[in-house]
Amino acid sequence: MSKGIYISSAEPGSGKSVVVLGIMEMLAGQGGRTGFFRPVVRYGEKPDNITNLIIRRYGLKTPYAMLYGCTYEVARDMLIKDKDDDLLKLIMEKYKTLEGECDLIVCAGSDFTGPAAALEFDFNAKIANNLGCPMLPVVKGYGKNAMQVVTAAQGLLKSLEERQCDLLALVANRVQPALVEEVSEGLKKAMPAGIPAYVLAELPVLEKPTVGEIAATLGAE
C-alpha cells in the first residue's frame with residue numbers, strides 16, 4: 001500500500017499550494033505521522049515558502065535536508081548529462097529515508113520555471129510512478145471557460161493513463177464561481193469510474209488564505 005500522495009499541476013498559477021495545505025490539514029486531523037516531501041527545490045540552504053509554512057504549521061521535527069530530493073541546479077545538471085536514472089535514484093533514496101519515519105507523506109511536485117516548464121508534468125508523473133505514489137493532479141481554472149477547464153483535465157487524465165500512473169482524484173482550482181456547477185458536471189463525465197473530481201472556486205478568501213479556510217473549502221474536518 002502506498003504511503004504517499006503526489007500533488008502536481010501542468011502549468012503555473014494553478015494554486016497547487018492551496019491544495020497541498022488542504023490535504024495536509026485534513027491528514028493532520030486524523031492523527032498519525034504525516035510527512036512532507038518535495039522532489040526538487042530551488043535552493044537547498046533554506047525551505048521555500050510552502051515547505052517553511054508546513055514545517056511551522058505542523059511542527060515538523062524532520063531536518064529540512066530530508067524533506068527534498070535535490071535542488072534544481074543538481075537536477076538540471078544530471079538531466080543535461082543524460083543521467084535521468086541517477087536523478088530518479090537520488091530522489092527515491094531521499095524519499096525512502098523519510099518514508100521510514102512517516103505513516104503518510106504528502107509530496108508537492110516541482111514548480112514550473114524556465115523554458116522546460118512544459119516538460120515538468122511528465123517529469124513529475126515519472127517521479128510519482130517511481131515513488132509508488134498515486135497522483136492528485138491540479139487543473140488551473142483561472143481565466144478559462146468551463147469547456148477549457150474540462151478539456152485541460154481530460155488532457156491530464158490521458159497523459160497519466162498513458163504513463164500508467166495511479167490516480168487518486170483530480171482538483172480543478174481557481175474556477176470562476178459562476179462556472180463551478182458546469183465544470184463539475186463536465187468532470188463527472190470525464191473522470192474514470194470511481195475516481196472523484198473536486199472543483200474549487202476562485203474566491204477572494206483564497207487569495208491569501210488561512211489553513212483553516214483552505215480546509216473548510218476542501219471539506220476537511
Scope segment 138-152; condition open to solvent by 30 Å² or more (accessible area, probe 1.4 Å), part of a loop (DSSP other than H, G, I, E, B) and touching a helix residue (DSSP H, G or I) at 6+ places or on another chain (Cβ under 8 Å); matching residues
Lys144, Asn145
Among the numbered criteria (1) closer than 29 Å to Leu90 by Cβ; (2) in a loop (DSSP other than H, G, I, E, B); (3) open to solvent by 20 Å² or more (accessible area, probe 1.4 Å), which one does Ile195 miss?
(1)
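Let's see how each residue does on (1) among the β-branched types (Val, Ile, Thr); (2) farther than 23 Å from Asp84 by Cα:
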{"residue": "Ile23", "(1), (2)": "yes, yes"}
{"residue": "Ala28", "(1), (2)": "no, yes"}
{"residue": "Tyr58", "(1), (2)": "no, yes"}
{"residue": "Cys70", "(1), (2)": "no, no"}
Can you pull out every residue in segment 165-184 that is touching a helix residue (DSSP H, G or I) at 6+ places or on another chain (Cβ under 7 Å) and of a type outside the set (Gly, Ala, Ser)?
Cys165, Leu167, Leu170, Val171, Asn173, Val175, Leu179, Glu182, Val183
Taking into account only those residues within segment 1-50 that are hydroxyl-bearing (Ser, Thr, Tyr) and open to solvent by less than 40 Å² (accessible area, probe 1.4 Å), which is farthest from the chain's Cα centre (by Cα)?
Thr34
Any residue in segment 35-48 that's within 23 Å of Met135 (Cβ to Cβ): show its pairings with residues that are open to solvent by 100 Å² or more (accessible area, probe 1.4 Å) and outside any loop (DSSP other than H, G, I, E, B) at Cβ separation under 9 Å, as long as the two are six or more apart or on different chains.
Arg42/Glu73
I want to confirm something. Restricting to segment 158-175 and keeping residues that are of a type in the set (S, T, N, Q) and closer than 16 Å to Asn124 by Cα, which single residue is most open to solvent (accessible area, probe 1.4 Å)?
Gln164
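The rows are residues; the columns are (1) buried (at least 18 other Cβ atoms within 10 Å of the Cβ); (2) farther than 18 Å from Ser8 by Cβ; (3) not aromatic (Phe, Trp, Tyr).
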residue	(1), (2), (3)
Asp77	no, yes, yes
Asp82	no, yes, yes
Leu87	yes, no, yes
Thr97	no, yes, yes
Ile127	yes, no, yes
Gly132	no, no, yes
Going by the conditions given, is Glu181 out of contact with any strand residue (DSSP E or B) (no Cβ under 8 Å at 6 or more places or on another chain) and either at pLDDT 95 or above or part of a loop (DSSP other than H, G, I, E, B) (or both)?
yes
Among the numbered criteria (1) loosely packed, with under 14 Cβ neighbours inside 10 Å; (2) over 20 Å from Glu93 (Cα atoms), which one does Ile55 miss?
(1)
What are the pairs, 6+ residues apart or on separate chains, where a residue within segment 1-24 that is closer than 16 Å to Gly143 by Cβ has its Cβ under 9 Å from a residue that is assigned to a helix (DSSP H, G or I) and among the aromatic types (Phe, Trp, Tyr)?
Ser9/Phe121; Ala10/Phe121; Glu11/Phe121
Reported set for segment 143-160 where residues are in contact (Cβ under 8 Å) with a residue 24 or more places away in the chain and more than 15 Å from Gly186 (Cα to Cα) is Ser159, Leu160
Going by the structure shown, is Leu168 over 15 Å from Ser14 (Cα atoms) and in contact with a strand residue (DSSP E or B) (Cβ under 9 Å, 6 or more places away or on another chain)?
yes
With respect to the numbered conditions (1) of a type in the set (Gly, Ala, Ser); (2) modelled with pLDDT of 95 or more; (3) farther than 21 Å from Gly4 by Cα; (4) open to solvent by less than 70 Å² (accessible area, probe 1.4 Å), which one is the sole condition not fulfilled by Gly155?
(2)
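The values are calculated or read from the model by the stated rules, or taken from the named source; none is laboratory data. Everything quoted here is computed from the prediction, not taken from an experiment. Positions of Cβ are backbone-derived with ideal geometry, glycine not excepted, and every protein chain shown enters the neighbour counts. What goes into the accessible areas is simple: the full protein's heavy atoms, side chains included, and nothing from ligands, DNA or RNA. Shrake-Rupley method; radii C 1.70, N 1.55, O 1.52, S 1.80 Å.
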